[in-house]
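Just so it is clear, none of the values below were taken in a lab; they were calculated from the coordinates. On a predicted model such as this, the values are computed, not experimentally measured, just so you know. Methodologically, a virtual Cβ is constructed for each residue, glycine included, from the backbone with ideal geometry; neighbour enumeration extends over all protein chains shown.
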Amino acid sequence: MISAEILHISLVRSISVPSLRILMEAELDDAEWVRNRYDQLMLIDKKRLRAV
């Protein structure tokens, strides 16, 4: 049985690798990338709070 931690790590890895590729292709500056990533994380947090 796959542990939750291993599943989480593989999921994060599969999501972050394409994100980096997209970032390189789009040539976003660091500040814009950080701002976009922060917005994405805030949306995830809001969804979690609604689920609780």
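Full extension from residue 48 to residue 29: what is 0.36 nm times the residue separation minus their Cα-Cα distance, to one decimal in nm?
Difference between extended and current length: 3.9 nm.
Once the other residues with Cβ under 14 Å from the Cβ of residue 45 are scored (Lys, Arg +1; Asp, Glu -1), what is the net sum?
Cβ neighbours under 14 Å give a net charge of +4.
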